[in-house]
Amino acid sequence: KFCMPGTLDNWSIVCLNERTRPQELEAFATMMTQQGRPLGMSISKPLIVPVRLMRGKEKQIIEQEFQKLKSSKLILVVIPDIKDIYNYVKQAAELRVGVITQCVKSKNLFRPKPSTVGNILLKVNAKLNGLNHVLASTPACFKVPCMVMGADVTHPSPESRGSVPSVAAVTASHDRYAFKYNITCRLQKSTQEIITDLAEIVREHLTYFQQQNNRKPDRIIFFRDGVSEGQFEIVVNSEVQAVRRACQMIDPTGTYRPKLTFLVVQKRHHTRFFPTNTRDSEDRNNNVPAGTVVDTEITHPTALDFYLVSHASIQGVARPTKYRKLWDENDMQEDELEELTYHLCHMFARCTRSVSYPAPTYYAHLAAARAKVYCERQNINMNNLEREQQTLLNIKPEVVKGTPMYFV
């Protein structure tokens, strides 16, 4: 059962696939209600709207339908296997109309499995500001107001580097359970790894945290993804200092100095772990059990780093994630850091198991992917990215402020 289940009343199903029959849509809506009941969700009967798409006019038709259903709490959109339809749906809903959508592929409506519907409800409940799950034991650093952040920069493919910018995405928690997150994205020059506007981004997140909790965080724990070892020094000099500057922007008197812990998350390595005794393995691929930490022998002789296998691998060999501490004012012990990281791997809203790296960095990936969806098929002026960003990433305030987890 969800810790804080949302109520789904006044919602709609918009079907963009002509081949889906009305009875399939009704059966799916009934299954949503049935699956929601044991989770604690109250789901009423939806308004079902079949829509015919015309080639070349998909954008306008989708936007018109969303405008008619603007009062809906959530629009569940059944999308066909046609390229770009998902992009049009998200652009219309979040940039132009201001509604929350949940997309479902039409193939998942044909004889839907309860597990599929359950997974959709995990996302829907998070989008409705619900609380899917919390940690059974609160980590020590959460005893005081603490903001957990994740950051990632995604780059375009080599052939489109001249015409497509890189996307920097930063997420930050704004509740005491570190379950609810809000996101901020920026466009920057192709292949640039360092986040240029980080001070302003962190200032936005600190302001939002303060609005939600009536106080500023005492601690900031920052997980930075996608940085190679050669860039550690640059990251400390620019990004750690940017977080410091953001705190000064919030409080010009200089008295507000939250304690910062900055870790880098690395997945691109070739280290793999296997138990020395096969009886210690929990699957047929001879993987180590989820929660295995290695912090001696093969780690850095002086710096604090560790490997963590936080997930149970369903297929093949589990890839451990490597974590490296670059900055720490919280004086966190190595065991405490490892435990917190493992705990955060359980906080991903879409999943009822632990995932391979912490939820904040996972959300940063999702945020960057959503920003790419907004930029799809747009002519971007690479010499004036600031202006392009104001038009391309201008999400409706009712979406960002009212339902910050819309990107899940």
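If a residue counts only when it is open to solvent by less than 20 Å² (accessible area, probe 1.4 Å), out of contact with any strand residue (DSSP E or B) (no Cβ under 6 Å at 6 or more places or on another chain) and under 23 Å from Leu366 (Cβ atoms), which strands (runs of 3 or more DSSP E) contained entirely in the range 138-251 have at least 1 such residues? Write out each step before concluding.
On the way: elements: 146-154, 166-173, 181-188, 219-225.
Once the strands (runs of 3 or more DSSP E) in the range 138-251 are filtered for at least 1 residues that are open to solvent by less than 20 Å² (accessible area, probe 1.4 Å), out of contact with any strand residue (DSSP E or B) (no Cβ under 6 Å at 6 or more places or on another chain) and under 23 Å from Leu366 (Cβ atoms), what remains is 181-188.
Any idea how many residues of the range 270-285 are in contact with a Pro (Cβ under 8 Å, 6 or more places away or on another chain), open to solvent by 50 Å² or more (accessible area, probe 1.4 Å) and at pLDDT 90 or above?
1
Which members of the range 1-42 meet the condition of being open to solvent by 20 Å² or more (accessible area, probe 1.4 Å), among the hydrophobic types (A, V, I, L, M, F, W, C) and in a loop (DSSP other than H, G, I, E, B)?
Cys3
Restricting the first residue to the range 300-324 and requiring it to be on the phi > 0 side of the Ramachandran plot, which pairs with a second residue that is assigned to a loop (DSSP other than H, G, I, E, B) and open to solvent by less than 20 Å² (accessible area, probe 1.4 Å) meet a Cβ separation below 9 Å and a spacing of at least six or different chains?
Note: pairs meeting the criteria are Gly316/Asn287.
Sort out which residues of the range 94-136 are open to solvent by 10 Å² or more (accessible area, probe 1.4 Å), in contact (Cβ under 8 Å) with a residue 60 or more places away in the chain and part of a loop (DSSP other than H, G, I, E, B), and write them in order of number.
Scanning the range 94-136 gives Gly98, Ile100, Phe110, Pro112, Leu128, Asn129, His133, Val134, Leu135.
Of (1) at positive phi; (2) in contact (Cβ under 8 Å) with a residue 12 or more places away in the chain; (3) in contact with a helix residue (DSSP H, G or I) (Cβ under 9 Å, 6 or more places away or on another chain), Gly254 satisfies all except one. Which?
(2)
Taking only pairs six or more apart or across chains, which ones have beta-carbon atoms under 8 Å, a first residue in the range 24-46 that is among the aromatic types (Phe, Trp, Tyr), and a second residue that is open to solvent by 20 Å² or more (accessible area, probe 1.4 Å)?
From the range 24-46, the pairs are Phe28/Pro112.
Of everything in the range 356-408, what is charged (D, E, K, R), open to solvent by 30 Å² or more (accessible area, probe 1.4 Å) and within 18 Å of Ala168 (Cα to Cα)? Give them in sequence order. Break it down into steps so the answer makes sense when it comes.
As a first pass, look at the range 356-408 and keep what is charged (D, E, K, R): 370, 372, 376-377, 386-388, 396, 398, 401.
After this cut, where a residue has to be open to solvent by 30 Å² or more (accessible area, probe 1.4 Å) as well, the list is 372, 376-377, 386-387, 396, 398, 401.
Lys372, Glu376, Glu386, Arg387, listed by residue number.
The values are calculated or read from the model by the stated rules, or taken from the named source; none is laboratory data. Fair warning: this is a prediction, and the values are worked out from it, not measured in the lab. For neighbour counting, all protein chains shown are included, and Cβ atoms are generated from backbone atoms with ideal geometry for every residue, glycine included. Side chains are part of the model used for accessible areas, which takes the heavy atoms of the whole protein and leaves out ligands, DNA and RNA. Shrake-Rupley method; radii C 1.70, N 1.55, O 1.52, S 1.80 Å.
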